[in-house]
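The values are calculated or read from the model by the stated rules, or taken from the named source; none is laboratory data. Values in this document were obtained by computation on a predicted structure and should not be read as measured data. Here the Cβ positions follow ideal geometry from the backbone for every residue, glycine too, while neighbour counts run over all protein chains shown. Quick note on the areas: whole protein, heavy atoms, side chains included, nothing else; ligands and nucleic acids left out. Shrake-Rupley method; radii C 1.70, N 1.55, O 1.52, S 1.80 Å.
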Amino acid sequence: MKWKDFLHIPESKYSAAKIARWLWAAWRGNRLQAVLNAGIGLVGVVLSLLTVWAMQRALDIAQGVREGNLYWAVGIMALIILCEFGVGISRVWIRNILGVRAQNRMQQQMLARLLRSEWRGREAMHSGDVINRLETDVQHVVTFLTETLPSVLSTLAMFVGAFVYLLQMDVWLAFVTVGILPVFILLSRYYIAQMRRLSRSVRQTDSHIQSILTETMQHRMLVKTMEADDQMLDRLDTTQAQLRSRVKERTAFSVASHLMLNSGFSLGYLVAFLWGALRLSRGTLTFGGMTAFLQLVYRIQGPARDLTRLAPAFVSVFTASERLMELEEIPEEEQGEPVMLQGPCGVRFRHVSFNYGGEGQQATLCDANYDFRPGTCTAILGETGSGKTTLIRLLLALIRPQQGEIEIYGITHESSDSDDDAAPCASVLSPLHRCNFVYVPQGNTLLSGTLRDNLKLGNPDATDSEMNEALRMACADFAFQLPQGLDTVFAEQGGGLSEGQAQRVSIARALLRPGSIMLLDEATSALDAQTEQTLLHNLLSDQRRTVIFVTHREAVVDYCDQVVNLGS
């Protein structure tokens, strides 16, 4: 029988060896905590066995069967106990401080991997599911690598040390105490299968609850305007009831299993107690030896109980690892140093086609040929479904053309030290050219935090004067009258600002970026006519930027050098 069958680990697209290699790579970043936990665990084992020795010695001295000073014996016990306190404090410190750091580091690594991945790859996963993986599964993996695995070493050391100690005192009792373990290992196979099924059911339901909460908060306005409060609450209540039922079922099975397991260990403890009491009554064992018997039996059974729990831990970490490995399967974008071109830049479409569906589906863009020339302003018009959003994604290199190519052209900074000698440069558009774009997306895209935090997303090195200038250019002068100015705190999605104000802050944020191609997606839809005209005049007063508007507003079209009608 294969070990995966024994542990009831299901077959998956990842082999055990591949998962082990992934866990090894993850462990390499957490060596310090793992080594410290293993070392402290071994020190704890030594101190625990020394406690048994010191207690037996003190009792034998008190009984008069051994020579020595009782006060010194008790003093040694007190010193060992103090050392155990120190080990316990160190263990808690490492778990709480280094453990949080390790979990944070892995979350950052996984999030960085997602942010570097191709945009389309994340659509297959619900955001609630992704968050659940970044929180729960990362925690399971880190705990296993930094605590569970190191504890195996100390658990085995405690088991072997206690067994050898007991073997020296009573061979028969030592083997009787250990002999019951194979029975529980065999029974644990059934326990693992059931607990794995029940735990998976609980995890799936918990993930569903998180998805409902996430979507409800994201679409709170829709829920309120549709007066669907009761429907969403009923959906949440139904799912929570399922979770409670499954947790109850798992808890009942866990309690029954632990009752049976502890009954067996208690029986072994009673056998050891009876055997020690009989020897004590016959005079072949001292009272200190009797105490040592019971302490050692407990120190054998404790590690044995811990070892029986390793199989579920392996099942759990394999499941968590698979879920995190699925996130890493999303293709990664081209990585490297950003390629900044001297502006203004132009973008040229050469026979570009793109289709979200499979072969035979109508293409969203078909044989598109456009030239957004440097320093010009272009309006993109089109009905819903004509490809405006797809055009934006292609310009930002979020998706790649399936046919044809997109070319960005301008002057590289590295080509010459003087503008007179600068040479034109053209290359196929890639994610490395995204630094040349200034993008203002449709709708409210402000984050919670201060106005300064939001503006610095455009340029983390921007000075206060640069941020104030960008606000003036974006007609966001209202920001100068805010109570704390740039340090005014906004709630989620710019809570506290109107749609028009949030839109202008988004434009100011984009203006802080150094790119020379400005891409605005219905960026003036919430502005009144006068503010819109002033903003357009500010943006187009010079020809330092190539401006591309995706819009339905005629006022914008009047300012443009050319109009591209999609779908016509």
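Here are some notes:
- Accessible surface of the chain [probe 1.4 Å, protein heavy atoms]: carbon and sulfur percent: 57
- Distant-in-sequence amide contacts of residue 403, defined by a placed amide H-H separation under 5 Å and a gap of 5 or more residues or a different chain, comprise 353.
- Short to long, the 10 Å bins of the Cα pair-distance histogram for the stretch 45-94 hold 27, 44, 20, 8, 1 percent of all pairs.
- Against the chain, whose longest principal axis is taken from its Cα atoms, helix 70-93 shows a tilt of about 20°.
- For residue 248, the aspartates and glutamates whose Cα comes closer than 18 Å to its Cα, not counting residues fewer than 8 places off in the same chain, are 206, 237.
- Cα centre as origin, Lys/Arg/Asp/Glu Cβ charges: the stretch 57-137 dipole, Debye: 340
- Gained length - residue 544 relative to residue 465, 0.36 nm times residue gap less alpha-carbon distance: 26.4 nm
- Anchor residue 456: aspartates and glutamates whose Cα lies under 19 Å away (excluding residues fewer than 8 positions away in-chain): 464, 466, 469, 477, 487, 492
- Point-charge dipole on Cβ atoms (K/R +1, D/E -1) for the chain, about Cα centre, debye to 20: 3660
- Of all aspartates and glutamates in the structure, the ones whose alpha carbon falls short of 15 Å from that of residue 13, not counting any fewer than 8 places away in one chain, are 322, 326, 328, 329.
- Per residue, the accessible area of the chain comes to 53 Å², computed with a 1.4 Å probe over protein heavy atoms only.
- Based on DSSP H segments of at least four residues, each scored -39500 (n - 2.57), the chain has a per-residue ellipticity at 222 nm of -19000 deg cm²/dmol.
- Normalised by the number of residues in the chain, the average gap of Cα pairs under 8 Å and 6 or more apart makes the relative contact order 15 percent.
- Taking the longest Cα principal axis of the chain as reference, the axis of helix 287-308 is set at about 30 degrees.
- The residues packed around residue 405, meaning those with a beta-carbon under 10 Å from its beta-carbon, carry a net charge of +2 if Lys and Arg are +1 and Asp and Glu are -1.
- Gain in span if fully extended, residue 252 to residue 220, counting 0.36 nm per residue against the direct Cα distance: 7.8 nm
- Summed side-chain charge close to residue 443 - residues other than residue 443 whose Cβ falls under 9 Å, Lys, Arg +1, Asp, Glu -1: -3
- Taking Cα atoms only, the orientation of helix 499-511 departs from the longest principal axis of the chain by about 90 degrees.
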